[in-house]
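Beneath this line is the structure, given in C-alpha cells, with notes to follow.
The values are calculated or read from the model by the stated rules, or taken from the named source; none is laboratory data. These figures come from a predicted structure and were not determined experimentally. Please note: Cβ atoms are built from the backbone with ideal geometry, for glycine as well, and neighbour counts cover all protein chains shown.
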Amino acid sequence: MSILQQPKPLVPTRYDDRRNDPFYRILRPPEDETPEERRARLLKQQDAQRVSRQIDESILESKKAFDKRKKAIKILLLGQAESGKSTTLKNFQLTFTPNHFRSERPIWRMVIQLNLIRSLARLLQVLQYEWDSDVPSSPVSPVRITSRSPPNRSSSGPLTDEHRRICKRLSPLVAMESELTKQLLPETLSLNRPMRDVCVRAGSAWKGILNKVATFEPPPLRPGSRGGRPGSSDGRHRSDPTAVLVACKDDVIGLWQDKAVQLVLRKHGVRLEEMPGFFLDDVDRIATFDYEPTDDDILRARIRTLGVEEHRFVMDSGSHDGSEWYIYDVGGSRGQRHTWVPYFDDVQAIIFLAPLVFNQTLDEDPSINRLEDTMTLWKDICSNPLLAKATLVLFLNKIDILRSTVAAGVKLKRYVPSYGDEPNDVENITRFFKDKFRAYHKKFAPKYRPLFVHETSVIDTRTTSAIIIGVREGILHAHLKSMSIL
C-alpha cells in the first residue's frame with residue numbers, strides 16, 4: 001500500500017471543534033452556570049436516566065410476557081349460538097381452576113335468578129298472547145289459586161281471572177329483571193323488543209356489575225340513620241331481585257305447575273324446559289335468601305356473550321399445575337362470525353361444538369335448520385388454511401336432547417332424507433353424523449391432521465370433566481410436539 005493510500009491517523013477532537021457539534025451546543029451547560037443550577041441540572045439528568053431505565057425494564061418485562069404468552073396454549077371455542085361453548089368453558093374452569101370457579105358463585109347466583117325470571121317473563125308473554133288472541137274462551141272458573149297449590153290443579157280448563165291477578169303480582173319481579181339486564185347491556189334501551197337471553201358485551205366488566213349487586217357493602221351509619229343498602233330496608237342492593245323473588249315464590253310455583261297454563265303452553269308449541277337457562281322446576285330451592293348455586297346450576301346457567309372474550313387459565317389442578325392456557329369464547333350467531341378470523345392465527349387447537357338437534361331452526365333465521373348450519377360452518381373451519389396446523393376437537397353435543405327427541409318419536413329422515421330407513425335410535429343417529437363430520441374433514445382439510453371426536457352433554461359435569469382431561473392431554477401433546485420437545 002502506498003503512502004497516499006494509507007488511512008489518515010485519527011486526530012483527537014479539539015475542544016474548539018466540539019463547539020461545532022449541534023448536540024454539544026444543545027446539551028452543554030451554560031457558561032455562567034451557578035452551583036445551584038448545576039445541582040438542579042444533575043438531578044434532572046438523574047431523573048431522566050431513572051425514567052429511561054424504567055422504560056427499558058418495562059420493555060424487557062413486556063418481551064418476557066410476550067414470550068411467555070407465545071409458549072402458552074391457545075384454544076378457540078367455535079360453534080353456532082347455543083351450541084354449548086360457554087358451558088364447555090365453565091367445565092374447563094371447574095376441572096382445572098376449581099378455586100377460581102367457586103369464588104364466582106355470588107355472580108352466578110345472580111345470573112341464575114335472572115334466567116329464572118326470564119323464563120317466567122316468557123311464560124307471562126305466552127299467557128298474555130292467549131288473552132289477546134281471538135280464540136273463544138270458556139266461562140271463567142271461580143277457583144282461587146292458593147299459596148303453594150297449583151291453580152286448577154284438577155282441571156285443564158281455561159285461564160281465569162285469578163291467573164290475571166297472579167300475573168299482575170309477578171310484574172314487579174319481571175321489571176326488576178329488565179332493569180338489571182339493561183345495566184349489563186345498555187344497548188337494550190334502544191331495542192323495541194326484549195332479548196331472549198341475558199346478554200353481556202365481551203370486555204364490559206359484567207361480572208363486576210353483578211358482583212357489586214350481590215355483595216354491595218352498606219355505607220357507614222350516621223347518627224340517627226337507619227341501616228341497610230341503597231333502595232332496600234333489608235340491607236340488599238336495590239337491583240338485587242332476591243327479596244322480591246322470595247316473596248313471589250308461591251305464585252311462581254303455582255303458575256308454572258297449573259294444568260291450564262301447561263295446556264296453553266302446549267297449544268302455542270312453547271317448551272320452556274328445553275330452552276337454555278331453564279330453572280322453573282327449581283324455584284322452591286332457588287327462591288330463598290340462603291341459596292348457593294351448585295356446580296350443576298352454574299353449568300346450566302345461560303348468559304350470552306356478544307363479541308370475543310378471552311379467558312386466561314393458570315392450572316391449579318391436575319398433572320400440569322401452573323401451566324398457562326388461553327381460551328377464546330366467541331359469539332356464535334351468524335352476525336358475529338366475522339369476528340372469528342383474527343383469532344385463527346397462532347391458535348393451537350379448536351374445540352368445535354356441534355349440537356345434534358336436527359329438528360330446530362336458528363333464532364336469527366327460522367328458515368335455516370340448526371344442524372344444516374352447523375355442517376356448513378364445519379366445512380368452512382376444515383377448509384380454512386389459517387387453521388391447517390390447529391388440532392381439531394369435535395364435540396357432538398347435546399346428546400341428552402337428542403335422546404329425548406328420539407324418545408318423543410321424532411324421525412330424523414323427515415329432516416335429513418339421506419338417513420333413509422336406518423333405525424331411528426341414538427346410537428345409529430350419532431354414528432351417522434359422526435361419519436358425516438369425519439368425511440367432510442377428510443374432504444376439505446388442506447392437509448392431513450388428526451381429528452378427535454367426542455359425544456358430549458356438557459351440562460353433565462362428571463362425564464364432560466373426564467372428556468376434557470383427555471382433550472387437554474391430547475392438545476398438550478400436540479403442542480409439545482409442534483415445539484420439537486417431543
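Could you tell me whether any residue of the stretch 337-357 is within 19 Å of GLU274 (Cα to Cα), touching a strand residue (DSSP E or B) at 6+ places or on another chain (Cβ under 7 Å) and surrounded by fewer than 17 Cβ atoms within 10 Å (Cβ to Cβ)? Before you say what the answer is, go through the steps one by one.
Of the residues in the stretch 337-357, the ones within 19 Å of GLU274 (Cα to Cα) are 353-357.
Right, trim to touching a strand residue (DSSP E or B) at 6+ places or on another chain (Cβ under 7 Å) and you get 353-356.
Those left that are additionally surrounded by fewer than 17 Cβ atoms within 10 Å (Cβ to Cβ): none.
No: the stretch 337-357 contains no residue that is within 19 Å of GLU274 (Cα to Cα), touching a strand residue (DSSP E or B) at 6+ places or on another chain (Cβ under 7 Å) and surrounded by fewer than 17 Cβ atoms within 10 Å (Cβ to Cβ).
Filter the stretch 244-272 down to the residues that are loosely packed, with under 15 Cβ neighbours inside 10 Å and under 18 Å from ILE117 (Cβ atoms) and list them by number.
VAL246, ALA247
Answer with yes or no whether ARG449 is over 24 Å from the mean Cα position of the chain (by Cα) and closer than 14 Å to PHE352 by Cβ. Full working, then the answer.
Numbers: over 24 Å from the mean Cα position of the chain (by Cα): yes; closer than 14 Å to PHE352 by Cβ: yes.
The answer is yes for ARG449.
Which number in (1) in contact with a helix residue (DSSP H, G or I) (Cβ under 6 Å, 6 or more places away or on another chain); (2) at positive phi; (3) of a type outside the set (S, T, N, Q) marks the one condition that GLY307 misses?
The one condition GLY307 does not meet is (1).
Which of (1) in contact with a Ser or Thr (Cβ under 8 Å, 6 or more places away or on another chain); (2) surrounded by fewer than 16 Cβ atoms within 10 Å (Cβ to Cβ); (3) under 23 Å from TRP108 (Cα atoms) is the odd one out, the single condition GLY331 does not satisfy?
GLY331 satisfies every listed condition except (2).
Looking at the stretch 452-467, which of its residues are over 21 Å from the mean Cα position of the chain (by Cα) and among the charged types (D, E, K, R)?
GLU455
When you go through ALA439, ALA407, ALA390 one by one, which is the residue that is in contact (Cβ under 8 Å) with a residue 40 or more places away in the chain and of a type in the set (A, V, I, L, M, F, W, C)? Let's see the steps before the verdict.
Numbers: ALA439 fails: in contact (Cβ under 8 Å) with a residue 40 or more places away in the chain; ALA407 fails: in contact (Cβ under 8 Å) with a residue 40 or more places away in the chain.
Selected residue: ALA390, the only one of ALA439, ALA407, ALA390 that is in contact (Cβ under 8 Å) with a residue 40 or more places away in the chain and of a type in the set (A, V, I, L, M, F, W, C).
Name the residue that is surrounded by the fewest Cβ atoms within 10 Å (Cβ to Cβ), counting only residues in the stretch 273-317 that are among the β-branched types (Val, Ile, Thr) and in a strand (DSSP E or B). Spell out the reasoning first.
The initial filter retains those residues of the stretch 273-317 that are among the β-branched types (Val, Ile, Thr), namely 283, 286, 288, 294, 298, 303, 305, 308, 314.
Those left that are additionally in a strand (DSSP E or B): 305, 308, 314.
Numbers: THR305: 22, VAL308: 17, VAL314: 13.
Restricting to residues being among the β-branched types (Val, Ile, Thr) and in a strand (DSSP E or B), the top hit is VAL314.
In the same structural domain as SER83 (by TED's automatic domain parsing) and either over 21 Å from SER333 (Cα atoms) or touching a His at 6+ places or on another chain (Cβ under 6 Å) (or both), is that true of ASP373?
Numbers: in the same structural domain as SER83 (by TED's automatic domain parsing): yes; either over 21 Å from SER333 (Cα atoms) or touching a His at 6+ places or on another chain (Cβ under 6 Å) (or both): no.
When the stated conditions are applied, ASP373 does not pass them.
Could you list, in sequence order, the residues of the stretch 332-365 that are over 18 Å from the mean Cα position of the chain (by Cα), part of a loop (DSSP other than H, G, I, E, B) and farther than 29 Å from VAL410 by Cα?
The answer is PHE344, ASP345, ASP346, VAL347, GLN348.
Among the helices (runs of 4 or more DSSP H) lying completely within the stretch 21-128, list those that include at least 2 residues that are out of contact with any Gly (no Cβ under 9 Å at 6 or more places or on another chain) and either within 23 Å of ASP460 (Cβ to Cβ) or modelled with pLDDT of 85 or more (or both). Break it down into steps so the answer makes sense when it comes.
On the way: elements: 22-27, 35-71, 85-96, 98-103.
Passing ranges, in order: 35-71, 85-96, 98-103.
Take SER367 and tell me if it is among the hydroxyl-bearing types (Ser, Thr, Tyr) and touching a residue at least 12 places away in the same chain (Cβ under 8 Å).
Values: among the hydroxyl-bearing types (Ser, Thr, Tyr): yes; touching a residue at least 12 places away in the same chain (Cβ under 8 Å): no.
The answer is no for SER367.
Suppose we keep only residues that are hydroxyl-bearing (Ser, Thr, Tyr) and within 18 Å of TRP325 (Cβ to Cβ) within the stretch 73-102. Which one would you say is nearest to the chain's Cα centre (by Cα)? Reasoning before the result, please.
The first filter runs over the stretch 73-102 and keeps only residues hydroxyl-bearing (Ser, Thr, Tyr), leaving 83, 86-88, 95, 97.
Filter once more, keeping what is within 18 Å of TRP325 (Cβ to Cβ): 86-88, 95, 97.
Working: SER86: 4, THR87: 8, THR88: 9, THR95: 17, THR97: 16 Å.
By that ranking, first place goes to SER86.
What number of residues in the stretch 258-275 are in contact with a helix residue (DSSP H, G or I) (Cβ under 8 Å, 6 or more places away or on another chain) and touching a residue at least 24 places away in the same chain (Cβ under 8 Å)? Give the derivation first.
Initially, the stretch 258-275 is screened for residues in contact with a helix residue (DSSP H, G or I) (Cβ under 8 Å, 6 or more places away or on another chain), giving 258, 260-261, 264-265, 267-268, 270-275.
Next, only the ones that are touching a residue at least 24 places away in the same chain (Cβ under 8 Å) stay: 258, 260-261, 264-265, 267-268, 270, 272, 274-275.
Selection size over the stretch 258-275: 11.
Looking only at helices (runs of 4 or more DSSP H) that fall completely inside the stretch 366-467, which ones have 3 or more residues that are of a type in the set (D, E, K, R) and surrounded by fewer than 13 Cβ atoms within 10 Å (Cβ to Cβ)?
On the way: elements: 370-383, 399-407, 426-444.
Filter on the stretch 366-467 gives 426-444.
Can you tell me how many residues in the stretch 227-256 are modelled with pLDDT of 85 or more, part of a loop (DSSP other than H, G, I, E, B) and closer than 14 Å to ASP290 by Cα?
Filtering the stretch 227-256 for residues modelled with pLDDT of 85 or more gives 240-256.
From what is left, the residues that are part of a loop (DSSP other than H, G, I, E, B) are 240-241, 248.
Add one more test, that the residue is closer than 14 Å to ASP290 by Cα, and what stays is 240-241.
Number satisfying all stated conditions: 2.
Residue pairs, Cβ under 7 Å, 6 or more apart or interchain, first in the stretch 197-208 and more than 8 Å from LEU184 (Cα to Cα), second of a type in the set (Val, Ile, Thr). List them.
VAL198/VAL111; VAL198/THR181; VAL198/ILE303; ALA202/THR305; ALA202/VAL308; LYS207/ILE107
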